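Values quoted throughout were computed directly from the atomic coordinates according to the rules given, and no laboratory measurement underlies them. All values reported here derive from a predicted model rather than from experimental measurement. With ideal geometry, Cβ positions are generated from the backbone for all residues, glycine too; neighbour counts draw on all protein chains shown.
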Amino acid sequence: MRTLLKFLLALVILSSLSASVAYAKEMRYLNRSPKALLMGDAYTSMAYDDYTLFYNPATLGRGSLVEIYPLNPDIGVTNVLAEMDRFKDFPKDPVPIADRVLGFPVYVHAGAAPGLKFGPFGFSLFESSTTSLILRNAIYPQLDVDYRLDRGFVAGYAYSWGTGGKFEKFNPFDKSKKKTSVGYRTSLGASVKHVNRQGLAGSYSLFGTTLLNEINKKSNTSVDAVRRSLGFAKGDGWGADVGIEHVISSGKSELAFAASVLDVAGTTFKKSEGTGEVPKQDMYMNMGTSWRQDFGLLDYSLSFDLHPINQPIGVGRMAHFGAQVGIPMVRVLAGWSEGYVSYGVEANVWLMKLMVGFYNVELGSDFKEEQGKRALIYLSLLDFTFDL
């Protein structure tokens, strides 16, 4: 009985780790914009918000304002509303319980990225904790785990030539509606980042020796002991991003083309603690285009991305489409990413911006092989915008 209790404790500990799937092939970026996720993550040429530096530093070339984002937490979880049938008449015996949870992707995320922009300069702090677990193989159960807790900062600058597509004025009651200058503009951007990462990635047998040896120890099993036995590690690393953007603007209409390379050559970490290796942040190459029009009481945008184009995945998984339609203070967001639909709504009123919605990701290796259904909520408070 005591061994069984220890085993259950170990499962709870594993479930509480901030993690992502290890050997399933979900793309793991350092940070993602909640708005982008609801727009199919087609954001390389549109990323002028508090997450600009996580998509394309060249987009800072749009800046001619001072913008401050002090409080912007976001939360993401598994969309259990789409899996309610799995939990109806839930069984009490171990074998049927295992059948019900087999293949069910558990996902929990919490993060924030407070920052500021001063014209073409940008700076952001960030903290992001993500957990994703999947139990596979009914005969020989394996738990896929990828734990990442990231803290750090990123700073960037964009050099521009030309006059078009710069934000000149803003609406204080709906800061997403900004007036832009007329003409052409090209921007080159670069950023540098420092990341402290705690990580755990792997596929672990529930009945293998690694976990059972820790459970069967005479001393009490602790969270740290289980994490160390599974390969938990901490470390620090420096990384860099580069990007380019070209904008053609008539004021009410705008066409943009952009490309970025995130984590050039891959960001690696110097281990300071732990028994395993700190998960590396892979390099991702992205490209995209977008079309936007603003008629005052009505605005809309359409966007398309291909990313990451340097990874061994099919074009279907690289393709991302996004759209938004807005009236004053409210806009509807929709997208298509890796074969799955996303949608949500944004409310933007003076010092508060709120977003809620649902999106999906690919957890397998091939196009539409294994769907991860997720929900998110984002709240930004006390963000300010000033003319330079």
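With a Förster radius of 35 Å applied to the C-beta separation of MET352 and THR163, the computed FRET efficiency comes to 0.60.
Annotation: the residues LEU53, LEU30, LEU81, sorted from fewest to most other C-beta atoms within 10 Å of their own C-beta, follow the order LEU81, LEU30, LEU53.
Taking 25 Å as the limit for the C-alpha separation, the pairs LYS35/LYS373; LYS88/LYS353; LYS166/LYS373 exceed it in the case of LYS88/LYS353; LYS166/LYS373.
How much of the calculated P(r) for the stretch 298-362 lies past 19 Å, in percent of all Cα pairs?
Details: 860 of 2080 pairs.
The answer is 41 percent, as a whole percent.
Length gained on full extension, VAL332 to LEU188: 48.8 nm, using 0.36 nm per residue less the C-alpha separation.
Going by how many other beta carbons lie within 10 Å of each one, how would you line up MET84, MET27, fewest first?
With the sparsest Cβ surroundings first, the list reads MET84, MET27.
Each label point was placed 7 Å from the Cα along the Cα-to-Cβ direction; for GLN371 and MET84 their separation is 1.6 nm. Here's how it looks for SER33: its modeled amide H is under 5 Å from none belonging to a residue 5 or more places away or on a different chain.
Legend: ranking of residues ASP241, ASP85 from fewest to most surrounding C-beta atoms inside 10 Å; resulting order ASP85, ASP241.
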